[in-house]
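What follows is a single structure, written as structure tokens, with notes after it.
Each value in this text was obtained by applying a stated rule to the coordinates, not by laboratory testing. Values in this document were obtained by computation on a predicted structure and should not be read as measured data. As a convention, Cβ positions derive from the backbone with ideal geometry for all residues, glycine included, and neighbour counts pool all protein chains shown.
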Amino acid sequence: MLLVIGNKRLSSWSLRPWLVLKFFDIPFEEKLIYLDQATTTAEILKYSPTAKVPALSDGAIHVWDSLAICEYVNDKYPEKQMWPSDVAARAWARSISAEMHSGFAVMRKVMSHDLQKQQVTFVSHEAQADIDRVKEIWTSCLKKSGGPYLFGSFSIADAMYAPVVNRFLTYAVPHEGLVGAYIKAIRELPAHQEWIREGLKETIEAPFHP
């Protein structure tokens, strides 16, 4: 399998399926295409009809969109149990993953994913409603599951929220208690740490991804 991704510093959508593949020890190759370059669109179109990353190629099968890629990999490797085994928990996990996938537009706009950026104090008050909803989701899941991840064991739902963990730390969002413990658990995942280290080394700028 080949996973096509964008800048690790910036591409929150690329991080999600990459983290799933890494955590569940799925063999794959990666191809990084730097965003906002003269050849970016043409290069990505070789793998995705949307000209957006991420995209997955598995022989004759081509999948694009982060959540679709995660679902495909889950279907291919059911023994990995990438979603909770309980039907009710699985429905909940898919619901909050879909909410992350389609919502939180203000947070995305004013708190872009940039691993090389660091605010000392929280100033992104425009995104407070989105931040509060994320904290509500995390807290309700962790109270029910007991942690350390949203549904006890790491799942696709955690990968969907991993970039938000980075956003909270980048933009100095206040966090404590269950939320703080969850942020620490996700941030310290070895696979996530690998992605962060590589993102911090990148020097190619993406002018349209502020």
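Only Cα pairs within less than 10 Å get springs; with that Gaussian network setup on the chain, which residue of Gly59, Gly147, Gly180 has the largest fluctuation?
Answer for the Gaussian network model of the chain: Gly59.
Once every DSSP H run of n ≥ 4 in the chain is given -39500 (n - 2.57) and the sum is divided by its residues, what mean residue ellipticity at 222 nm do you get, rounded to the nearest 500 deg cm²/dmol?
-16000 deg cm²/dmol
Please give the FRET efficiency for Glu198 paired with Ala91, using the beta carbon to beta carbon distance and R0 = 35 Å, rounded to the nearest 0.05.
That pair, Glu198 with Ala91, gives E of 0.50.
How large is the dipole of the chain about the Cα centre if only Lys and Arg carry +1 and Asp and Glu carry -1, each at its Cβ, rounded to the nearest 20 debye?
Around 240 debye, computed over the chain.
Decide, for the range 111-210, between rounded, prolate and oblate: order the square roots of the alpha carbon gyration tensor eigenvalues as a ≥ b ≥ c, take rounded if a/c falls under 1.5, and otherwise choose prolate if a/b is larger than b/c, else oblate.
Oblate.
Quick one: compute the contact order of the chain, relative version, from alpha carbon pairs under 8 angstrom and 6+ residues apart, as a percent.
26
Can you flag which of Lys144/Lys201; Lys46/Lys117; Lys52/Lys117; Lys52/Lys109 are past 28 Å Cα-Cα?
Lys144/Lys201; Lys46/Lys117
If I stretch the segment between Arg133 and Glu176 completely, what's the gain in nm (0.36 nm per residue apart, minus their alpha carbon distance), one decimal?
Once the chain is fully extended between Arg133 and Glu176, it gains 14.0 nm.
Residues with amide H under 5 Å of Lys31's amide H, sequence separation 5 or more or different chain, H placed in the peptide plane at 1.01 Å from N; which?
Amide H to amide H, under 5 Å and 5 or more residues apart or across chains, Lys31 pairs with Leu3, Val4, Ile5.
How far is the Cα center of the range 55-76 from the Cα center of the range 101-175, in Å?
25
Would you please give the residues with an amide H less than 5 Å from that of Trp64, counting only those at least 5 places away or on a separate chain, with H modeled from the backbone geometry?
Leu56
Please label the shape of the range 31-112 as rounded, prolate or oblate, based on the square roots a ≥ b ≥ c of the eigenvalues of the alpha-carbon gyration tensor (a/c under 1.5 means rounded; beyond that, a/b larger than b/c means prolate, else oblate).
Cα axes put the range 31-112 in the oblate bin.
Quote the relative contact order of the range 2-80 in percent (integer), defining contacts as alpha-carbon pairs under 8 Å separated by 6+ residues.
With pairs under 8 Å counted, the relative contact order is 32 percent.
Using DSSP to define loop residues, name the GluC sites (Glu not before Pro) in the range 157-210 whose beta-carbon has at most 16 other beta-carbon atoms within 10 Å.
Loop-located and lightly packed - Glu176, Glu188, Glu202, Glu205.
DSSP loop chymotrypsin sites (Phe, Trp or Tyr not before Pro) in the range 155-210 with at most 11 other Cβ atoms within 10 Å of their Cβ, which ones?
Phe208
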